[in-house]
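One structure below.
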Amino acid sequence: MTNPALKAAMESLEAISADKEAREIARLREKAQHHWASEIRGARQEGIAEGIAEGEAKGKAEGEAKGRADTTLANLRAMLISPATRDLANEVIAGVLGVEVNLVVAERHNLDEQISG
């Protein structure tokens, strides 16, 4: 070897490799590095799995809430159109459906506008 720094590094590596205690320290250090990398990988996978589960739960809850809101709105419109219930007071319809009176008033207004053209 012509490079003195490379030659010195190789000699140091050979000397360390010849030393049983130094080899054991190097082996344990490498083992610890592999263990650490494995733990990090496992923690990352666990975090990803938790994130997916939370996202699915949130999406399901949001979907169910939207479904309930859509159903409630459809029921409100049906009550406002049906001859049997359209003349009920806004407060009565709101109480039956469990919604705010202002929603009944707004939807009644929207339907009246649609009917009148």
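Things worth noting here:
- Pairs of Cα atoms nearer than 8 Å and 6+ residues apart set the relative contact order; for the chain it is 13 percent.
- Partner lysines whose Cα lies under 30 Å from the Cα of Lys58, excluding those fewer than 8 positions away in the same chain, are identified as Lys66.
- Computing percent of Cα pairs over 25 Å apart for the structure here picks out one of (1) 12; (2) 63; (3) 57, namely (2).
- Reach of Lys20 by Cα under 24 Å, taken over lysines that are not fewer than 8 positions away in the same chain: Lys7, Lys31
- In terms of other Cβ atoms within 10 Å, Met10, Met79 run from fewest to most in the order Met10, Met79.
- Sorted ascending by nearby beta carbons within 10 Å, beginning with the fewest, Ser38, Ser116 become Ser116, Ser38.
- Ordering Thr85, Thr2 by the number of other Cβ atoms within 10 Å of each residue's own Cβ, fewest first, gives Thr2, Thr85.
- For the pair Ala49 and Ala69, label points projected 7 Å from Cα toward Cβ lie 3.4 nm apart.
- Model label points for Ala57 and Leu97, set 7 angstrom from Cα along the Cα-to-Cβ axis, are 3.2 nm apart.
Where a number appears in this text, it was derived from the coordinates with a stated rule and is not lab data. This is a predicted model, so every value here is computed, not measured. Don't worry about glycine lacking a Cβ; one is built from the backbone with ideal geometry, like all the others, and counts go over all protein chains shown.
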